[in-house]
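The values are calculated or read from the model by the stated rules, or taken from the named source; none is laboratory data. This one's a predicted model, so the numbers in the text were calculated from it and none came from an experiment. Here the Cβ positions follow ideal geometry from the backbone for every residue, glycine too, while neighbour counts run over all protein chains shown.
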Amino acid sequence: MRDRQIRLISVGTALPGPPIDTAALADRFGMDTLWRQWVETFIGTRTRHLAVDLASGRPRESLADLGAVAANVALARAGVSAADVDVVVLGTATPDQLMPATVNVIADRLRIDGVPTFQLQSGCSGAVQTFDVAVSLLRTGRYRSALVIGGDVIAKHYDVTADLSALPSGELVNYVLFGDGAGAAVLTTEDRPEAPVVRAVLTRLTGLDRAPGQVLEWYGLADRGSARPPASEDYKAIEELVPVLAEEAADELLDDLGWTRDEVDHLLPPQLSVTMTEKIAKRLDFTSAKEISCVGETGNNGNALLFFQLDRLLADMAVSARAIAVAIESSKWIKAGIALERGGEPVGR
């Protein structure tokens, strides 16, 4: 059933609170002008949205809160009711709790019941992995519609009392690189000729013998006093490997479909930061494609990013157009991507 067409019919997104610019972060943490210049030069992210109150550190929105909002928007745009959803898949690196699974909390809020639900724990490739699972299930013919959700609430790991001037760069970068958010999309096997077809989905573990590029800790009662930082990054390894893996993912999608770079109209590159995205997009070399990026405004909100890009894509995609999206997970190195096409003849598989 691999020739069964799966269409992306809608996307919804949700961001917590107002945008927070770098100056506001600098003021909150007492960082100097040189620090602000470092962020502007080496990160480039202008604003981000946080699910915690920056002054007090108190949480404002949970992942379930944001996921439910995004899902409701996607369902409304698709003209699909909760009762029409046959399967729900969530991708996140930061579930609200280990149990119950956040996907089931979101489903409960949407009044979805009696269907298969899946929660995938992954970094930035988790959003693509939700598509992979959903598309595979829809192609069996057992289901007609799937709700896929991706999001992260990373700010709950922030210590708003921290002296950022004393932090090593691997921890400091987390305070400026990341934001919070959620996104959702509705996929269907129904004949919706106006909606783009998911032509290919790629997810590939490629971390053999590679040290983690990012670590996000979980503490239990036995080790909650650990000196290990809750979040850390090997940003140099990420800077070196992500462009390489992004190029590999794009090439594999193109080879699978028999497309050339000149035949792609839209490129959705990995969204680590503004500076990194520019480097990656240049390496990918889709010179004829329009780049769709959002990280400058949203910050790196992990598994939500792809949905913000897809939201912009659907608003901009012509009646006949092709798009390639690439995402890289750097904790244990997963390359991932999606190919979409609106109009055109079916592509052989």
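Could you please tell me which pairs satisfy a Cβ distance under 9 Å, a separation of 6+ or placement on different chains, a first residue in the range 225-249 that is not assigned by TED's automatic domain parsing to the domain that holds GLN214 and of a type outside the set (Lys, Arg), and a second residue that is assigned to a loop (DSSP other than H, G, I, E, B) and at pLDDT 95 or above?
Cβ pairs passing all conditions: none.
Results for (1) buried (at least 23 other Cβ atoms within 10 Å of the Cβ); (2) modelled with pLDDT of 95 or more; (3) at positive phi, shown as yes or no for each residue.
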position	(1), (2), (3)
ARG283	no, yes, no
SER288	no, no, no
GLU291	no, yes, no
ALA304	yes, yes, no
PHE308	yes, yes, no
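Could you grab the pairs with beta carbons closer than 6 Å, sequence gap of 6+ or different chains, first residue in the range 115-126 and buried (at least 22 other Cβ atoms within 10 Å of the Cβ), second one assigned to a loop (DSSP other than H, G, I, E, B)?
GLY123/ALA93; GLY123/SER331
Can you tell me how many residues within the range 220-246 are under 20 Å from SER122 (Cβ atoms) and either hydroxyl-bearing (Ser, Thr, Tyr) or surrounded by fewer than 16 Cβ atoms within 10 Å (Cβ to Cβ) (or both)?
3
Quick one: in the range 1-16, of everything that is farther than 30 Å from VAL153 by Cβ and either out of contact with any strand residue (DSSP E or B) (no Cβ under 9 Å at 6 or more places or on another chain) or β-branched (Val, Ile, Thr) (or both), which residue is modelled with the highest pLDDT?
Ranking the candidates gives ARG4 first.
Conditions (1) hydroxyl-bearing (Ser, Thr, Tyr); (2) touching a strand residue (DSSP E or B) at 6+ places or on another chain (Cβ under 9 Å); (3) closer than 20 Å to GLY123 by Cβ, marked per residue:
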{"position": "GLU40", "(1), (2), (3)": "no, no, no"}
{"position": "LEU50", "(1), (2), (3)": "no, yes, yes"}
{"position": "ASP53", "(1), (2), (3)": "no, yes, no"}
{"position": "VAL87", "(1), (2), (3)": "no, yes, no"}
{"position": "ASP96", "(1), (2), (3)": "no, no, yes"}
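Please specify each residue of the range 54-76 satisfying the condition of being among the hydroxyl-bearing types (Ser, Thr, Tyr) and within 17 Å of the chain's Cα centre (by Cα).
Keep residues of the range 54-76 that are among the hydroxyl-bearing types (Ser, Thr, Tyr), which gives 56, 62.
Scanning the range 54-76 gives a single hit, SER62.
Need pairs with beta-carbon distance below 6 Å; first residue more than 12 Å from PRO16 (Cα to Cα) and within the range 39-55, second among the hydroxyl-bearing types (Ser, Thr, Tyr) and in a loop (DSSP other than H, G, I, E, B); sequence gap 6+ or separate chains.
Final answer for the pair search is ILE43/SER273; GLY44/SER273; THR45/SER273.
Quick check, is VAL128 among the aliphatic types (A, V, I, L, M) and either touching a strand residue (DSSP E or B) at 6+ places or on another chain (Cβ under 8 Å) or part of a strand (DSSP E or B) (or both)?
So VAL128 passes the test.
Return yes when ALA76 is in a helix (DSSP H, G or I), touching a residue at least 12 places away in the same chain (Cβ under 8 Å) and out of contact with any Asp or Glu (no Cβ under 6 Å at 6 or more places or on another chain) and no when it is not.
When the stated conditions are applied, ALA76 passes them.
Look at the range 181-221 and say how many of its residues are without any contact (Cβ under 8 Å) to a residue 12 or more places away in the chain and of a type in the set (Phe, Trp, Tyr).
Summing the residues that are without any contact (Cβ under 8 Å) to a residue 12 or more places away in the chain and of a type in the set (Phe, Trp, Tyr) in the range 181-221 gives 1.
Check THR102, THR45 and return the single one that is among the β-branched types (Val, Ile, Thr), closer than 29 Å to VAL176 by Cα, touching a helix residue (DSSP H, G or I) at 6+ places or on another chain (Cβ under 9 Å) and modelled with pLDDT under 95.
Result: THR45 is the single residue among THR102, THR45 that is among the β-branched types (Val, Ile, Thr), closer than 29 Å to VAL176 by Cα, touching a helix residue (DSSP H, G or I) at 6+ places or on another chain (Cβ under 9 Å) and modelled with pLDDT under 95.
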